[in-house]
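Undergrad: Have a look at this one before I ask anything.
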Amino acid sequence: MAEAALDDVFIDDITFPATDGYLLGATLFLPRGAKSHAVLINSATATPRKVYRQFAGYLARRGCAVLTYDYRGIGDSRQKAMVGYNQTKSLAGFNATMSDWAGKDVTAAVAWMRERYHTLPLNFVGHSFGGQALGLLANNTEVSRTLFIAAQAGYWKLMAPPENYRVYAMLKFVGLPLTRLMGYAPGWTGLGEDLPKGVFEQWASWVMSERYLFTDPKLPGLSNFANYKGALRALCFSDDPWATRPAVGLLCSGFTAIEPEILTIKPADIGVTRIGHFGFFRPEHRDTLWRGAAEWIQA
């Protein structure tokens, strides 16, 4: 039934080039009527764009032109193997970092949407890492309004116990040694999708740092946090062990030119028992979380 709700939306699977020419898999959702806004949905770490399909379709039905896409090495932005039918190529030896995701992939997605829908306000939805990336973009000034969904500075001590100890142990004693042995981080360790070695290692270094990415001396684009002057609303959920209120606050503190609005939502506030880090995107929240988010995005 959820998929049937997309019948009155134009959906087109496409590719577009990152800033270095690497082709990224993407899906464009268009309303059948007039377009009022352009919206770019930016994924969490190790999360394929299909997770956001229903929410993207919901926004399109309300008059938004919406783009979802996969970062390099993820989903349809992962290279295919030379042999075997539609098999993905191993990520061993594939060079990519989170810096690349932001500086080459997200930057290009913003530019693609800005060029294609230059007469519409461009709004940015960032889930987890997707929100972190906004501050690193040289072209974040093109964005009018931003909605963070469980986007945080993921220092492990800011996570809720016992999840913080599990994450620390997984990264230090399992994830990093296994990644260095195999040449990539396998998704079966609990990550979700496989991750390129450079992505995992950079992410792990941030998780172990008290101010997360803000103290990475090799990270290009940190100065761009201060350039963003659009509206910013950050949603955090009381049962999300990763994007806790302090972690969301730390990420928002980097946007020094504005005063971000942080809203904490309890599952009971919307009549459910759990939301967590990914639950916002479940279609059951169409008339609660989604409607409120869409009204703010289109304000």
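Every read-out reported here was derived from the displayed coordinates using simple, explicitly stated rules and does not represent laboratory data. The structure presented is a predicted model; accordingly, all values stated were derived computationally and were not measured. Every residue, glycine among them, receives a Cβ derived from its backbone with ideal geometry; neighbour counts consider all protein chains shown.
Undergrad: For the stretch 51-62, just list the computed ³J(HN,Hα) in residue order, Karplus coefficients 6.51, -1.76 and 1.60, θ = phi - 60°, integers in Hz, with x standing in for Gly and Pro.
TA: In residue order, the calculated couplings are 4, 9, 4, 5, 5, 4, x, 4, 5, 5, 4, 8 Hz.
Undergrad: Still on this structure, please answer the following. How much length, in nm to one decimal, is gained on full extension between W188 and K172, taken as 0.36 nm per residue of separation minus their Cα-Cα distance?
TA: On the way: separation 16, 0.36 × 16 = 5.76 nm, distance 1.65 nm.
So the chain would gain 4.1 nm between W188 and K172.
Undergrad: Hey, another quick one. In Å, what Rg and Dmax follow from the Cα atoms of the stretch 125-217?
TA: According to the Cα coordinates of the stretch 125-217, Rg and Dmax are 14.3, 43 Å.
Undergrad: With the radius of gyration and the Kirkwood radius both derived from the Cα set of the stretch 129-178, what is their ratio Rg to Rh? Intermediate values should be presented prior to the final figure.
TA: On the way: Rg = 14.9 Å, Rh = 13.1 Å.
Across the stretch 129-178, the Cα-based Rg/Rh ratio is 1.14.
Undergrad: Could you sort 182-191, 149-158, 72-81 so that the peptide with the highest average Cβ count within 10 Å comes first and the rest follow in order? Before the final figure, lay out the partial values.
TA: On the way: 182-191: 16.1, 149-158: 24.0, 72-81: 19.9.
The peptides rank, most packed first, as 149-158, 72-81, 182-191.
Undergrad: Determine the calculated [θ] at 222 nm for the chain from helices alone, applying -39500 (n - 2.57) to every DSSP H run no shorter than 4 residues and normalising by the residue count; nearest 500 deg cm²/dmol.
TA: -6000 deg cm²/dmol
Undergrad: Shifting gears a bit: Given labels modelled 7 Å from the Cα in the Cβ direction, how far is it in nm from L181 to K89?
TA: With each label placed 7 Å out from Cα toward Cβ, I get 2.6 nm.
Undergrad: What aspartates and glutamates does K197 reach when the alpha-carbon gap must be under 13 Å and sequence neighbours fewer than 8 apart in one chain are set aside?
TA: Straight-line reach from K197, under 13 Å: D100.
Undergrad: Step through the table entries K104/K229; K50/K80; K50/K89; K35/K80; K35/K104, compare each Cα-Cα distance with 24 Å, and write down the pairs that go over it.
TA: Working: K104/K229 21 Å; K50/K80 18 Å; K50/K89 20 Å; K35/K80 35 Å; K35/K104 27 Å.
Pairs exceeding the cut-off: K35/K80; K35/K104.
Undergrad: I would also like to ask the following. At q = 0.22 Å⁻¹, what base-10 log of I(q)/I(0) does the Debye formula yield for the stretch 218-299 when every alpha carbon is treated as an equal point scatterer in vacuo?
TA: Ignoring solvent entirely, the Cα scatterers give -1.09.
Undergrad: Listed highest first by mean packing, meaning other Cβ atoms within 10 Å per residue, what order do 100-109, 235-244 come in? Working shown, then result.
TA: Values: 100-109: 24.4, 235-244: 22.8.
Averaged packing, sorted descending, gives the order 100-109, 235-244.
Undergrad: Can you tell me what percent of all Cα-Cα pairs in the stretch 163-243 are more than 14 Å apart?
TA: On the way: 2307 of 3240 pairs.
Summing the P(r) of the stretch 163-243 above 14 Å gives 71 percent of all pairs.
Undergrad: Please give the charge dipole size of the stretch 26-90, origin at the Cα centre, charges +1 on K and R Cβ atoms and -1 on D and E Cβ atoms. Round to the nearest 20 debye.
TA: Numbers: 11 positive and 2 negative charges, 25 e Å.
Taking the Cα centre of the stretch 26-90 as origin, the dipole is about 120 debye.
Undergrad: When the distances between all Cα atoms of the stretch 170-211 are binned every 10 Å from zero, what whole-number percent does each bin get?
TA: Spelled out bin by bin, the stretch 170-211 gives 32, 59, 9 percent.
Undergrad: Give the Cα extents of the stretch 1-75 along the principal axes, in whole Å, largest first.
TA: Reported extents, whole Å, longest axis first: 34, 24, 17.
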